[in-house]
Amino acid sequence: MKNYIQSLINKYPEEYLEVHYEEKTYNYVSYSGKELESVGSAKSSAGNVRVFRKGEWSFVAFNDKDIEKHIQKAIENLKYQSKVAKEGEKGLMKSDLVVSSYKSDFQINPLEIPLSDKVDLMSRYNDIILSHDQIQTSRSTYRDSLKKSYFANSEGSYVDSEKVFTGLALNAMAKDGMNVQRGFYTDAGYHGFEVVEGKEKECEEICKNACDLLKADSFEKGTYKVLLDPRISGVFAHEAFGHLSESDFLYENPAMQEMMALGREFGFDKLNIIDDATMPGLAGYVPYDDEGVQGKRKYLIKEGKLNSRLNSRETAFQLGEELSGNARSLTPLYPPIVRMTNTFIDQGDMNREELLSMMGDGVYCVDYTGGMTNLEMFTFTAGRAYEVKNGKIGRLLRDVVLTGNVFQTLKNIKGIGNDLEHFGGLGGCGKGGQNGLPVTVGGPHIYVEDVVISGK
Amino acid sequence: MDIFDFITNRAKNTELIMSETESHSVVFESDFFKSVESSQSQGIGLRTIQNDKIGFSFSNDFNDQEIVDRALESAQFGEKACFSFAGDKKVPDLPLYHREVMDTSIESMIGFGERAIEAIKDYNPEIKVDVGIEKETYQITLKTSNGFDHSYRKSFYSVGVNGLLAKNDQLLSISKGKTRYHPFDDIDSLTEPIIEQFKLSTRSANIKTGNYKILFTPRAFRSLLSILLPSLSGKAVQKGISPLDHRLGELIVSKSFTLTDSGTLKDGIASAPFDGEGTLSRENHLFTDGVLKTFIYDLQTGGLMKEKSTGSGSRGYSSLPSPSFRNLRVEPGNESYESLLSRTLIIRTALSSTVVAHNQELKFHKKLVKIFWN
């Protein structure tokens, strides 16, 4: 494949050209209630060609196998280049020549596990969930895939990889009249079958969470001190702040660059937010991004101040910043855009009890159900929450929704825990129509003041 | 040998969906032309019923003969089938394909984008404008071993315009999009609503927490509807999690509310002669004068519930059919916009974007307003 792709690229020596191709094999098992709704395996392949000239791109995506035809199409589309494009004003940041081949690691190869064993495992988990009286229905999903990727550009870089991805998601819906509550667990990453084994305890926990929430109280809306558990603090870092550090959002917008100026203070000096593509096994493990740039660990916020951004080659050139290895596409059917990898609030030095004591009275939010962000505004729903009085966890609460402005909320972080965790899953990140990109979110417990919570 | 013939030689009870898509788009980013993008994709999805169990697999290779082995393996474990694949039937011819879409030149699409940017920059040069214009065609073919063998083609012309203004740690993003079966050239229909909202944003008002009568624009009402819709899926009823289960024929909402889901709506973007499993598209009356009339079903969900499919089995080639809405339509009433304007709060778009507060005149409220209702 390497020689084939490079021979095609070499026919156009005057252009900057990239070719990206991948082949994927999948297996999936999904129970919905008692029914095994979908089970089986499939294959797919897809590729793209990108040409960059004078600050403008020509992009062709395809899923037949005729790479040469699509390179010709991408070159042909250059004729539409605008008359105003100027040499030098726009470009691609110089990237080190890379020739690399790598494979993700695993203990148990999921592709060697018979489909019947995967069905048996998920059937067992699903039966545990449905065995609880108040559980109305379930959704228990397993997925694994082997992805072989090939990348080459006209600068001579070449990367091929084989990545095995395995994961599951378990959903329990409890119902009492019109009151429907949910318990949820997911884990996924570049692991083998070992990541989905031994999840009986998690099945029991999500059922307990869902059933307990049926009896939980609603809460008075207002502004509260809040302790976020590692999962929801990780989601906050990703959704509320992480997307704002993706440079394709601001690299051609001076007003946005001013708002997100490097060195600007976002929080207190113990706040550090990191994006790290180099963590093997995690869902955001990206040793080389989709432009052949090596992945890095970078501080987005360091000691409270905006330290760096996530870049593609194009945004790095425009901003005069370092490459970060964050140009990713969901599949080659989409162009790479700036995306996160493994994004987390780094741990501090306080334990949960100290943070609770610091908070005094407030709300302890655990886990995450759903939410959305739009630019600097966010809203999330806690999976469940607890009223806290005098630092003691009290009654269970439901339908606790947190909203706010990310700039104000980051400034209101007053305590950071010492219990960092990372969370992957089958869901993934969505941006620009590319939904479900594997990432992880992470964080320790964090204590935040003045968070608006909705309620009754 | 044709792939369908190969499949039916190996497995007797089958359904094959084939999809071919071609699209071309131009992208403007922060006021400037950015890229021309072309895309070609294809795929096949094979369902089979063996020993009363459903098997499924998919591929993007039209000649992938191993798809049969994968589907047959899947059928060893699959769900018990409560339906049969579609048989031969007469299929209506809907005007969903217009050759002018693919005949639209890239140059004219670029010109459209440049004019849209100019219109917004003329109003306020500080606004950064992104534009995406796409022309797309696709063809769906569905064949079954029971004799169904039909295709249809669709064409789309889509434009999205977004304006972004950044000031004082606040960001205001206003977008407008339009998709039609045929090309269109009226930039004003996209740029004028964006400019209007930016104009409104210069006059701000505050809202106190409280109870209000609310007027939702059609776009914002979509978000409100999205809370109700999952309860109308036959799948939610079958799983026992729809709060509307056992309430057919009851008055559920206001008597002024009539909601229809149509698979044949003229110029409806989701219209098609048949759904993803060969059931003819139709109009489904979900609510009539506030009374719940029907849920939506695909073949399997309907079979499980001893109901007929409502032609709502939507899918792509890589997925199984599932009850999905097509073109939702709230029937208009007879009260004028001006009369409705006497309400105190207008929600223009959903939670994530702008809210227009009205106190005798239209003003603008800072973005995030939480609406709570039962």
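The values are calculated or read from the model by the stated rules, or taken from the named source; none is laboratory data. The structure displayed is predicted, hence computed values, not measured ones. Cβ: placed from backbone, ideal geometry, glycine included. Neighbour counts: every protein chain shown.
Quick one: A:Glu354 ticks every box in (1) surrounded by fewer than 24 Cβ atoms within 10 Å (Cβ to Cβ); (2) out of contact with any Ser or Thr (no Cβ under 7 Å at 6 or more places or on another chain); (3) in a strand (DSSP E or B) except a single one, so which number is it? Here A:Glu354 clears every test but (3).
Quick one: is B:Leu225 among the aliphatic types (A, V, I, L, M), in contact (Cβ under 8 Å) with a residue 24 or more places away in the chain and in contact with a His (Cβ under 9 Å, 6 or more places away or on another chain)?
On the way: among the aliphatic types (A, V, I, L, M): yes; in contact (Cβ under 8 Å) with a residue 24 or more places away in the chain: yes; in contact with a His (Cβ under 9 Å, 6 or more places away or on another chain): no.
So B:Leu225 fails the test.
Total residues in segment A:123-152 satisfying the condition of being among the β-branched types (Val, Ile, Thr) and more than 14 Å from every other protein chain (Cβ to nearest Cβ): the figure is 1.
Of the residues making up segment B:121-140, at least one is of a type in the set (S, T, N, Q), under 24 Å from the mean Cα position of the chain (by Cα) and assigned by TED's automatic domain parsing to the domain that holds B:Leu16.
This table checks each residue for (1) surrounded by fewer than 16 Cβ atoms within 10 Å (Cβ to Cβ); (2) touching a residue at least 12 places away in the same chain (Cβ under 8 Å); (3) touching a strand residue (DSSP E or B) at 6+ places or on another chain (Cβ under 7 Å); (4) among the aromatic types (Phe, Trp, Tyr).
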position	(1), (2), (3), (4)
A:Trp57	no, yes, yes, yes
A:Val60	no, yes, yes, no
A:Ile67	no, yes, yes, no
A:Lys94	yes, no, no, no
A:Val98	no, yes, yes, no
A:Ser104	no, yes, yes, no
A:Pro110	no, yes, yes, no
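Among the residues of segment A:195-216, is there at least one that is more than 14 Å from chain B (Cβ to nearest Cβ), surrounded by fewer than 16 Cβ atoms within 10 Å (Cβ to Cβ) and at positive phi? Looking for residues that are more than 14 Å from chain B (Cβ to nearest Cβ), surrounded by fewer than 16 Cβ atoms within 10 Å (Cβ to Cβ) and at positive phi, one finds at least one in segment A:195-216, hence yes. Name every residue in segment A:403-448 that is of a type in the set (Val, Ile, Thr) and in a strand (DSSP E or B), in order of residue number. Result: A:Thr403, A:Ile413, A:Ile416, A:Thr440, A:Val441, A:Ile446, A:Val448. Within segment B:1-47, if we keep just the residues that are without any contact (Cβ under 8 Å) to a residue 40 or more places away in the chain and among the polar types (S, T, N, Q), the residue that is surrounded by the fewest Cβ atoms within 10 Å (Cβ to Cβ) turns out to be B:Asn9. Quick one: which residue in A:Glu89, A:Glu56 is in contact with a Phe, Trp or Tyr (Cβ under 7 Å, 6 or more places away or on another chain), farther than 30 Å from B:Lys80 by Cβ and not hydrophobic (A, V, I, L, M, F, W, C)? Being in contact with a Phe, Trp or Tyr (Cβ under 7 Å, 6 or more places away or on another chain), farther than 30 Å from B:Lys80 by Cβ and not hydrophobic (A, V, I, L, M, F, W, C) holds for just one of A:Glu89, A:Glu56, which is A:Glu56.
The test for being within 30 Å of B:Gln300 (Cα to Cα), over 25 Å from the mean Cα position of the chain (by Cα) and at the interface with another protein chain (Cβ under 10 Å from one of its Cβ atoms) holds for A:Glu35.
Meeting the requirement of 2 or more residues that are polar (S, T, N, Q) and modelled with pLDDT of 95 or more, the strands (runs of 3 or more DSSP E) wholly within segment A:122-219 are A:135-153, A:158-176.
Would you confirm whether or not segment B:160-171 contains a residue that is of a type in the set (S, T, N, Q), free of Cβ contacts under 8 Å to residues at least 60 places away in the same chain and more than 19 Å from B:Arg219 (Cβ to Cβ)? Taking every residue of segment B:160-171 in turn, at least one turns out to be of a type in the set (S, T, N, Q), free of Cβ contacts under 8 Å to residues at least 60 places away in the same chain and more than 19 Å from B:Arg219 (Cβ to Cβ). The helices (runs of 4 or more DSSP H) falling completely within segment B:49-127 that include 2 or more residues that are away from chain A (no Cβ under 12 Å) and out of contact with any Gly (no Cβ under 8 Å at 6 or more places or on another chain) map to B:100-103, B:106-123.
Of the residues that sit in segment A:309-321 and are outside any helix (DSSP H, G or I) and touching a residue at least 60 places away in the same chain (Cβ under 8 Å), which one is surrounded by the fewest Cβ atoms within 10 Å (Cβ to Cβ)?
Just the residues of segment A:309-321 that are outside any helix (DSSP H, G or I), to begin with: A:309-312, A:320-321.
From the residues that got through so far, the ones that are touching a residue at least 60 places away in the same chain (Cβ under 8 Å) too are A:309-312, A:321.
Numbers: A:Arg309: 27, A:Leu310: 30, A:Asn311: 28, A:Ser312: 29, A:Glu321: 17.
Selected residue: A:Glu321.
Residues in segment A:370-400 that are within 21 Å of the chain's Cα centre (by Cα) and not hydroxyl-bearing (Ser, Thr, Tyr): A:Gly370, A:Gly371, A:Met372, A:Asn374, A:Leu375, A:Glu376, A:Met377, A:Phe378, A:Phe380, A:Ala382, A:Gly383. Scanning segment A:246-266 for residues that are in a helix (DSSP H, G or I), in contact with a Lys or Arg (Cβ under 9 Å, 6 or more places away or on another chain) and within 15 Å of A:Gly432 (Cα to Cα) gives a single hit, A:Ser247.
State the number of residues belonging to segment B:313-339 that are part of a loop (DSSP other than H, G, I, E, B), more than 14 Å from chain A (Cβ to nearest Cβ), more than 23 Å from B:Arg282 (Cβ to Cβ) and polar (S, T, N, Q).
Our first condition is that a residue be part of a loop (DSSP other than H, G, I, E, B); within segment B:313-339, this holds for B:315-321, B:324-326, B:331-336.
So of that shortlist, the ones also more than 14 Å from chain A (Cβ to nearest Cβ) come out as B:324-326, B:331-336.
With more than 23 Å from B:Arg282 (Cβ to Cβ) added as a condition, the list becomes B:333-336.
So of that shortlist, the ones also polar (S, T, N, Q) come out as B:334, B:336.
The total comes to 2.
When the residues of segment A:174-186 are filtered to those that are closer than 21 Å to A:Val235 by Cβ and out of contact with any Gly (no Cβ under 6 Å at 6 or more places or on another chain), the one that is surrounded by the most Cβ atoms within 10 Å (Cβ to Cβ) is A:Gly183. Restrict the check to segment B:218-231 and report whether at least one residue is closer than 30 Å to B:Tyr123 by Cβ and crowded, with 20+ Cβ neighbours inside 10 Å. The answer is yes, given that some residue of segment B:218-231 is closer than 30 Å to B:Tyr123 by Cβ and crowded, with 20+ Cβ neighbours inside 10 Å.
Scanning segment B:129-147 for any residue that is in contact (Cβ under 8 Å) with a residue 60 or more places away in the chain and part of a loop (DSSP other than H, G, I, E, B) turns up at least one such residue.
Does at least one position in segment A:138-154 carry a residue that is out of contact with any strand residue (DSSP E or B) (no Cβ under 6 Å at 6 or more places or on another chain), farther than 27 Å from A:Gly425 by Cα and in the same structural domain as A:Glu35 (by TED's automatic domain parsing)? Checked against the condition, which is being out of contact with any strand residue (DSSP E or B) (no Cβ under 6 Å at 6 or more places or on another chain), farther than 27 Å from A:Gly425 by Cα and in the same structural domain as A:Glu35 (by TED's automatic domain parsing), segment A:138-154 yields no hits at all. For segment A:38-75, what are the residues that are more than 7 Å from chain B (Cβ to nearest Cβ) and on the phi > 0 side of the Ramachandran plot? Hits for segment A:38-75 are A:Lys54, A:Gly55. Within this structure, B:Phe287 passes the test of being more than 14 Å from every other protein chain (Cβ to nearest Cβ), part of a strand (DSSP E or B) and surrounded by fewer than 23 Cβ atoms within 10 Å (Cβ to Cβ).
In this structure, is A:Val159 β-branched (Val, Ile, Thr), over 30 Å from A:Tyr4 (Cβ atoms), touching a residue at least 24 places away in the same chain (Cβ under 8 Å) and out of contact with any Leu (no Cβ under 6 Å at 6 or more places or on another chain)? Give the derivation first.
Numbers: β-branched (Val, Ile, Thr): yes; over 30 Å from A:Tyr4 (Cβ atoms): no; touching a residue at least 24 places away in the same chain (Cβ under 8 Å): yes; out of contact with any Leu (no Cβ under 6 Å at 6 or more places or on another chain): yes.
Taking the combined requirement at face value, the residue does not satisfy it.
The criterion of at least 3 residues that are over 20 Å from B:Glu331 (Cβ atoms) is met, among helices (runs of 4 or more DSSP H) falling completely within segment B:187-281, by B:188-200, B:234-239.
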